[in-house]
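Working notes, structure below.
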Amino acid sequence: SAASDVYKRQLQSLTEGQDLDLEILVVNDGSTDSSGSILATWAERDPRIRVFEREGRGLTRSLIEGCAVARGTYIARQDAGDRSLPGRLARQAALLDHDPDAGLCSTHVRLMAEEGATVTVTRLAEETLADGLIGPASHGSVMMRRRAYEQAGGYRAAFYYAQDLDLWSRICLLYTSPSPRD
């Protein structure tokens, strides 16, 4: 089925080639198709995958719940259909490990049509990134420190849309202000 193919590609992108100890939390927010059984099968095969079944509370509330149960030092968000290239998460974790003054980091993003054709690529020139205040390209490209997420107050349920921009703005304020973050 189409849902099965989407989850297969997405979960493979997270479970294969990341070279990183990770947990994969899936909040299935009221899907009425075969998503629940597909995810349960994946979770049975891979102990890193934990699935939370919920009754359609919406994206932002699902993000809040997922981040609340996450146990890692870093949090990376992906929605259904998002995929990560091999090594992406390990490189982002290494960057954050190396730079304690960074609250989050982002990657380039390639948006593709179902047929596999590239629609657009978000890639900024190095000089544009020099001040460190350019917003992340897409939610599926971001990794953030759990500590930064918590200190910024996490996702806010009032933001049905743009909950990612709201959060990232607050994290950026934390990491550009002179006050200590610890």
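Taking all protein chains together and a 1.4 Å probe, the residues ASP19, ASP97 rank ASP19, ASP97 from largest to smallest accessible area. FRET efficiency for the HIS98 to ALA68 pair, using the beta carbon distance and R₀ = 41 Å, is estimated at 0.90.
Within the assembled protein chains, the solvent-accessible surface assigned to HIS139 is about 40 Å², based on a 1.4 Å probe. Subtracting the Cα-Cα distance of ASP19 and ARG147 from 0.36 nm times their residue separation leaves 43.8 nm of extension gain. For the pair SER34 and ASP5, the difference between a 0.36 nm per residue extended length and the Cα-Cα distance amounts to 9.3 nm.
At a probe size of 1.4 Å, how large is the accessible area of THR60, to the nearest 10 Å²? It works out to around 10 Å². Surface calculation, 1.4 Å probe, protein heavy atoms: TYR149 sits at approximately 20 Å² accessible.
When all protein chains stay in place and ligands, DNA and RNA are ignored, the 1.4 Å accessible-area order of ILE24, ILE64, largest first, is ILE64, ILE24. If you sort SER4, SER37 by accessible surface, 1.4 Å probe, largest first, the order is SER37, SER4.
The values are calculated or read from the model by the stated rules, or taken from the named source; none is laboratory data. Please read these numbers as outputs of a predicted model, since none were measured by experiment. Here the Cβ is made from the backbone with ideal geometry for all residues, glycine too, and neighbour counts use every protein chain on show. Heavy atoms of the whole protein, side chains included, go into the accessibility calculation; ligands, DNA and RNA do not. Shrake-Rupley method; radii C 1.70, N 1.55, O 1.52, S 1.80 Å.
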